[in-house]
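What follows is calculated from the coordinates using simple rules that are stated; it is not laboratory data. Here the structure is a predicted model, which means the values were calculated and not measured. Using ideal geometry, Cβ is built from the backbone for each residue, glycine included, and neighbour counts are taken over all protein chains shown.
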Amino acid sequence: GRRHEYRLLPWFSGTRYVVADRARHRVFYGGFGSATGDSLGVGAITLNDGKQALWASHFAEDGRIWAGGTHAVIMAVAETQDSWALYAMDGPGQVTPLGTVGRPIVGFTASADLSRATVMVRDYRADAWLNKVVVH
């Protein structure tokens, strides 16, 4: 029944994504940098005391963040328009590369232990669209 307002860290121009971490009473947010707008950053707010920290930033044409399960948060960044890189984060500056996807990502989900993932990619073919489900 109480409302709290938090200002973004000065690094951010705004937010695009908000992810709740109920177990640890914190919120992650993702947004682009205010200086150049070409980097995706992930910030964390600890709800118990309101403290904030920039966990990571990375050059990105586009990007997304998700709750991570075994890791606190997962960040996907479009390093080019056709190639995405996935990173796990466990604290400020604690970034672990997970791999790359050589196509534009439209959607992504992963199991809590990261043993399985579903990646939806865009397969653009001029005036025809094709959707294909691949199970490995």
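For segment 103-117, the tally of residues that are in a loop (DSSP other than H, G, I, E, B) and under 20 Å from residue 21 (Cβ atoms) stands at 4. Can you find even one residue in segment 76-93 that is more than 11 Å from the chain's Cα centre (by Cα), among the hydroxyl-bearing types (Ser, Thr, Tyr) and under 22 Å from residue 26 (Cβ atoms)? The answer is no; no qualifying residue exists. Considering segment 17-46, and only residues there that are β-branched (Val, Ile, Thr) and more than 20 Å from residue 108 (Cα to Cα), the residue that is surrounded by the most Cβ atoms within 10 Å (Cβ to Cβ) turns out to be 45.
The residue that is surrounded by the fewest Cβ atoms within 10 Å (Cβ to Cβ), counting only those in segment 1-15 that are within 21 Å of residue 67 (Cα to Cα) and free of Cβ contacts under 8 Å to residues at least 24 places away in the same chain, is 14. Which residues, taken from segment 47-97, are in contact with an Asp or Glu (Cβ under 8 Å, 6 or more places away or on another chain), outside any strand (DSSP E or B) and surrounded by 15 or more Cβ atoms within 10 Å (Cβ to Cβ)? Listed by number, the residues that qualify are 60, 61, 69, 71, 72.
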